[in-house]
Amino acid sequence: MLSKVKSEALHVKPKVEATSFQSILLDDAKILMNVIDGLEEDAIVAFDTETTSLDAYNAKIVGFSFCVDEDMAYYVPISHNYLGVGEQISMEDAKKALIELLKHKIVGQNLKYDIAVVYNNFNLPRIDIYADTMILAWLLNPESSVGLDTLALRFFNHPMIKFKDVVQKGENFSTVPLDSACEYASEDAWMTLKLYHKLQEMLEPKLLILAREVEFPFIHTLLMMEKEGIKVDGAYFETLLLRTDKAIELLKNEIFSLCNATFNLNSTQQLGNVLFEQLGLPAVKKTKTGYSTDENVLKELLDKHESISKILEYRELYKLKSTYIEPLLKLSKTSPESRVHTSFMHTGTATGRLSSKEPNLQNIPVKTELGREVRGGFVAKDGCLLVGVDYSQIELRLLAHFSGDEAMLEAFNTHKDIHRQTALRLFGEAEADAKRGVAKSINFGLLYGMGPKKLSDTLGITTKEAKSYIDGYFATFPTVRKYLTSIEERAKEVGFVETLLGRKRYFDFENANGMQYAGYLREAVNTVFQGSAADLIKLSMNKIMATLVDDEAKLLLQIHDELIFEVKEEKAEAFAQSVKEVMEGIYALHIPLKVSIAIGKNWGELK
DNA sequence: TGTGATAGCTCG
DNA sequence: GTACGAGCTATCACAC
């Protein structure tokens, strides 16, 4: 029950600069509903959940907090579980309260998590997101830390109560006493509201628009993808594991016998010892701690010892087994309907891209035959097909768009093979096909701010030759050079770069040494393309998500320039076409956007 | 037994 | 000494 002081607190007028606040425990359903009914219709409500787990899909809700003015915040206990626990709100009443509360303008810190928790614990209809402070802070500076504790310190010099100080080791939030839970949880909601107002003031209008029109709706897009998950074929991975285990065992024995030594093949230290000391092979590269044994080094040694090719093969197989096959097999067994749910990190990169973790589904192998077999284990459910759509050469198209280079624009506008066209301009008709690979490497290199050293490594030529290729390129495409230089000049002048939609990334040139300085210039150039490509696919994903018809098609994955859907078999072809149209028409540029389509029963077939 | 750094590999 | 952006696994050294 509320104390008298707390009841009076309900009527305190908000102050402009609150430095402290009251935390109020709402443990009576009637009073809870009264508080919520008393909110202004257009009130901005900071909202936070407390749960039993960081994993939103296994988390049971323990309570929630909210804050509407900076004088006080409320905590609603639902399922704390310890001997002698006080009054709490039933799940049924909590649901009723949440339905009303979440009709307001909801602000949160990482709302993707809290909304997933609410969806999973109560079967609520779509919750609209008003703002997310984590995303606002990320847009303000995508390389800064965006955790609530850090932001509270940074913007208000306020040390937050630490989770560790509230929750005993090995326990979860359900065992936290109601009074300390109330203090902790309401502080989160209170700080979130303060941060919202602060960030609202600090962000320029362009970034607030990007937030409202792209990033906030995108939270819902990600939520739906994560919730859906993708089906994996456990039996398939079981077989694959047996096969790789056998092959690994065989290779291991061959290598030991060829090297005349038994050692831990996974230890680069021990391998270096065997190769460069016992066998006396020439060491070409060093690491901080000893000999390098990476792929490039081993390839150099291929014709020097019979074991090398086996070691490379072993590396490939062991990687597949330990990083992909075993973890995916385990997940297939533990997840309902054998569907794995990645976690997309909305604020995970400095460029605007997503990242994916636990498991990372954005780096599933594709480049080798064996690697592609892993993709075969990602399947469509019965009656469905996987549809893959892919923006082709989106970053290079953006280079053509931004630079306005006539030759590049022409190549794209007449739907030519861009790499061959580049080779044609550089080397002439006779050599165009032979030098396509060189042109492709240069085109890629441009987007990364390459130097002759790396290009020569990539192409297996001398640094001198690489330099002449690059010089030749810029002589042929002077507009491209001018544009790339202008990115660098502008970055040095203002200290940041911007993407197509105005996303920013800052560089501290003033406090950089030579190497950092050069690194910043490369990052500045690359961010424009990588970040603008990220902008475009986010626009597409939001638009597609808004038009998805129930159960006919689901968006499952994004892999930077590619989307994977699960679609009813009979709808797959038409659906793919409609998605292609949306994606190609998502933004008017000086070049056409091109999307390619692939359809199959599993991910391995999508090529 | 746990943690952080390092090396190496996967993807776009 | 210079090609961008990510995450995961294993080893190793060191602390407790």
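The values are calculated or read from the model by the stated rules, or taken from the named source; none is laboratory data. Note that the structure is predicted; figures quoted are calculated from it, not measured. Cβ: placed from backbone, ideal geometry, glycine included. Neighbour counts: every protein chain shown. All accessible areas refer to the heavy atoms of the entire protein, side chains included, with ligands and DNA or RNA removed. Shrake-Rupley method; radii C 1.70, N 1.55, O 1.52, S 1.80 Å.
Suppose we filter region A:331-360 for residues that are more than 9 Å from DNA strand C (Cβ to nearest atom) and more than 10 Å from the chain's Cα centre (by Cα); how many remain? Going through region A:331-360 one residue at a time, the tally reaches 11.
Taken together, the residues in region A:78-117 that are assigned to a helix (DSSP H, G or I), touching a helix residue (DSSP H, G or I) at 6+ places or on another chain (Cβ under 7 Å) and of a type outside the set (Lys, Arg) amount to 8.
Which of the following residues is basic (Lys, Arg), under 24 Å from the mean Cα position of the chain (by Cα) and at pLDDT 95 or above: A:Lys194, A:Lys206, A:Lys198?
A:Lys206
Taking region A:254-321 and the helices (runs of 4 or more DSSP H) fully enclosed by it, the elements with 2 or more residues that are within 13 Å of DNA strand C (Cβ to nearest atom) and open to solvent by less than 60 Å² (accessible area, probe 1.4 Å) are at A:268-273, A:307-319. Residue-level check: of (1) of a type outside the set (Asp, Glu); (2) open to solvent by 20 Å² or more (accessible area, probe 1.4 Å); (3) within 29 Å of the chain's Cα centre (by Cα), A:Leu459 misses just (3). Scanning region A:349-361 for residues that are near DNA strand B (Cβ under 9 Å from one of its atoms) and open to solvent by less than 30 Å² (accessible area, probe 1.4 Å) yields a count of 1. Give region A:221-253 a look and list any residue that's surrounded by 15 or more Cβ atoms within 10 Å (Cβ to Cβ) and over 30 Å from A:Ser343 (Cα atoms), or say none. Of everything in region A:221-253, those that are surrounded by 15 or more Cβ atoms within 10 Å (Cβ to Cβ) and over 30 Å from A:Ser343 (Cα atoms) turn out to be A:Ala247, A:Ile248, A:Leu251, A:Lys252. On inspection, A:Leu500 passes the criterion of being under 24 Å from A:Leu409 (Cα atoms), open to solvent by less than 60 Å² (accessible area, probe 1.4 Å), outside the structural domain of A:Leu557 (by TED's automatic domain parsing) and outside any helix (DSSP H, G or I). Of all residues in region A:260-317, those satisfying the criterion of being of a type in the set (Val, Ile, Thr) and either under 30 Å from A:Leu240 (Cβ atoms) or in contact with a Pro (Cβ under 8 Å, 6 or more places away or on another chain) (or both) are A:Thr262, A:Thr268, A:Val274, A:Thr293, A:Val297, A:Ile308, A:Ile311. Residue under question is A:Thr150, and the condition is that it be closer than 27 Å to A:Thr527 by Cβ and open to solvent by less than 40 Å² (accessible area, probe 1.4 Å); does it hold? So A:Thr150 does not fit the description; no.
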